[in-house]
1. Show log10 I(q)/I(0) for the range 225-271 at q = 0.25, 0.32 Å⁻¹, two decimals, from a solvent-free Debye sum over equal Cα scatterers.
2. Consider a paramagnetic label point 7 Å from the Cα of Lys617 along Cα→Cβ; state which residues of the range 548-568 have an amide N under 17 Å from it.
3. In whole angstrom, and with the biggest value first, how far do the Cα coordinates of the range 363-425 range along each principal axis?
4. Quote the FRET efficiency, to the nearest 0.05, computed for Asp314 versus Thr436 with a Förster distance R0 of 35 Å and r equal to the Cβ-Cβ distance.
5. Give the distance, in whole Å, between the Cα centre of the range 189-224 and the Cα centre of the range 401-473.
6. In whole Hz and in residue order, list the ³J(HN,Hα) couplings for the range 360-376 that follow from phi through the Karplus curve 6.51 cos²θ - 1.76 cosθ + 1.60, θ = phi - 60°; x for Gly and Pro.
7. In whole percent, and with a 1.4 Å probe on the protein chains, what portion of the accessible area of the range 234-371 is carbon and sulfur?
8. Given a 1.4 angstrom probe, what's the average accessible area per residue across the range 229-368, in square angstrom?
Amino acid sequence: MIALVQTLLALFGYTSSSAGLTPIAEPVLSIPVLFEAAVVFKNSSAVVMGLFLLIALAWAAQGAAMLVVEHREAAYGAATLSSVLFFALFFGVYAPLTSADIPLVQLGAFYAVPVCAAALQLVAVGTYPWNEVVLEETGDDLGRLEADLANRRSAFNTDFDTRFEGLETLSNVAPGGVRDVREGADEFRARLDGIDEDIAEIRSMSDGEAAQAARAGVESEIDGVDPDARIEELTERLRQALASGIRTEYGEFIVSSEYGDRYRTVNLPTKHREVSIPGGADAVHLDHVDEELESLTRTANSFGAVAAAVEAVDAHRQRVRAHVREREAPVVEAISTTEARLDTLDEQIGAMDVPFRDRIDEVLLAGRDPDLVGARDVRSKLDSARESLHDCQFEDALSTAEDAATQAATLVTTAELVSTLEATIDARHATVSIPTEIPDGYLEAILPAIRAGYDGVDATIDAAGGRITFTYDAVAGESESSTEVDAVNDLDSGDTGDRDGPSNEPDTVGTGSGRESVRVASPEEVVDGVLYAFREFERAADGDDRIVQFRLEDLPEAVATPDVLVNVERFAGRQSDLFEAVDLQSPEPPGFIEFTPADGASIERSMSTAHRRFREKYT
């Protein structure tokens with residue numbers, strides 16, 4: 001204290017006498033240790049004064065560090081500096097006191113001053129409540145960091161929602177790219193969530209220093225979180241993925257037919273082959289939409305514009321495909337019908353075992369007659385129909401396919417008729433009706449082969465009557481003719497009777513190649529079979545048909561029996577108001593039964609009325 005007072009007096013240019021402190025100084029200086037200290041100060045006043053000034057500054061710094069800035073490390077540093085200066089002053093400048101004649105107790109007390117002062121300073125710093133201060137400061141910093149983190153999160157979410165609109169639509173174009181964007185956004189948000197968790201953990205800490213260190217780490221991590229940079233990174237990823245996906249998906253517009261071939265959509269009308277792209281060109285050819293879409297991915301501020309363009313292109317392409325499918329369907333149906341008929345034709349001709357088979361192959365299959373259409377010509381026409389179809393010439397394709405179907409039907413009908421001629425010849429029938437859909441040219445081309453294949457048989461076409469007429473030489477047909485005449489007379493014997501009168505038909509009929517007489521059941525014995533037969537004929541009859549012919553092999557087994565068919569022929573033949581003619585070529589397969597309705601009557605009504613009359617008479 002004496003040294004401090006001396007220092008202050010010397011600093012301001014006073015002495016104890018001039019300052020009026022002589023009454024106080026004399027008793028103090030009477031103490032040997034203090035007197036000797038004053039002597040040392042007088043001899044080294046500048047050094048002592050400098051050290052005391054530095055000690056004072058160290059004290060002030062320690063106080064400021066503890067009470068103002070509350071910085072623990074600074075406070076410890078100031079206290080340590082002050083202690084060192086104290087030791088330098090007392091054990092350095094005042095070292096001569098150890099050789100002076102001073103009582104040992106006084107000397108010990110004098111040198112205890114710097115030790116106590118240093119200890120007190122360090123104890124003050126150590127016992128100051130630093131942890132609470134640090135935790136409070138850290139809490140404030142964490143609040144600021146939380147606000148910063150929330151702003152970055154909000155900025156990212158807002159920019160992401162704006163930039164990446166329409167991801168669901170774009171996932172059809174670039175599923176990998178969309179998946180990467182979503183995963184990248186989730187990773188970024190997970191990183192922010194992790195920082196939030198770290199801040200919450202720091203708030204629960206009780207160690208101020210640890211909390212402060214952790215806060216510094218969190219602050220550094222937040223500084224490394226850049227929403228804008230992340231958005232740009234994800235944008236570039238998606239652009240690259242979309243560019244690849246667009247080139248793959250929209251590089252070329254392909255529509256495949258039912259036959260696996262591609263349509264040449266360039267031939268479609270303009271409204272189908274061009275599309276208006278939102279945000280892009282008004283009219284873009286479907287084969288070039290990839291260029292427009294790819295350009296849009298580079299220039300659009302939001303992928304929502306790209307998604308809208310993709311939706312527009314997809315919708316237009318779907319409309320084009322629907323248009324093509326709609327126009328394709330009837331063509332495919334006509335082609336399928338034709339092919340099925342050609343298959344039937346092949347089966348019919350393959351099952352024939354007649355002397356004129358080779359000629360049938362030439363006319364109906366190979367089409368070697370230049371004036372007649374054969375199966376080969378029909379197949380060539382189908383190829384033309386498919387070619388027109390794939391050229392998007394739908395009207396031409398449909399017309400060609402339907403024409404081919406009609407020609408195939410004609411060939412099938414012709415084959416059906418020709419397949420029955422051998423049975424007709426064997427049965428020595430005189431005529432066979434020609435279906436109206438069969439051109440005479442086919443039969444004219446085949447009849448010479450029939451004449452050549454059977455001895456004593458001649459066949460001619462009655463174009464006016466729509467029939468083939470057969471004549472047989474006298475030797476071959478004598479016995480059969482008499483039998484046939486007798487059978488006809490037997491059949492006709494009941495025509496003069498009452499239609500609704502009792503049954504008086506004979507119980508035999510000429511049948512087979514030899515026209516041998518076999519017993520035929522009475523109508524009462526086969527009522528169910530005849531009714532079943534009439535139902536089948538009525539069901540198959542078409543009101544527009546003039547003549548209806550049924551192949552026996554196509555009828556149900558219960559119908560295609562001599563007992564049933566002969567009774568049907570007899571009963572229907574007597575209904576002259578309903579039928580002009582009923583012709584049973586043979587009561588056993590192969591052969592056919594043919595109905596010709598009366599003038600002004602439809603086959604459907606005639607068959608239905610005959611059915612009803614038979615049921616009323618025999619049940």
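The values are calculated or read from the model by the stated rules, or taken from the named source; none is laboratory data. Owing to the predicted nature of the structure, the values given are computational and were not obtained by experimental measurement. As a convention, Cβ positions derive from the backbone with ideal geometry for all residues, glycine included, and neighbour counts pool all protein chains shown. Ligands, DNA and RNA are excluded from the accessible area calculation, which covers all protein heavy atoms including side chains. Shrake-Rupley method; radii C 1.70, N 1.55, O 1.52, S 1.80 Å.
1. -0.92, -1.05
2. Counting backbone N atoms under 17 Å from the label point, the list is 563-568.
3. Dimensions of the range 363-425 along the principal axes of its Cα atoms: 50, 19, 14 Å.
4. The computed FRET efficiency comes out at 0.10.
5. Their Cα centres are 102 Å away from one another.
6. 4, 4, 5, 7, 8, 9, 6, x, 7, 7, x, 8, 10, 8, x, 4, 4
7. 43
8. Each residue of the range 229-368 exposes 49 Å² on average to a 1.4 Å probe.
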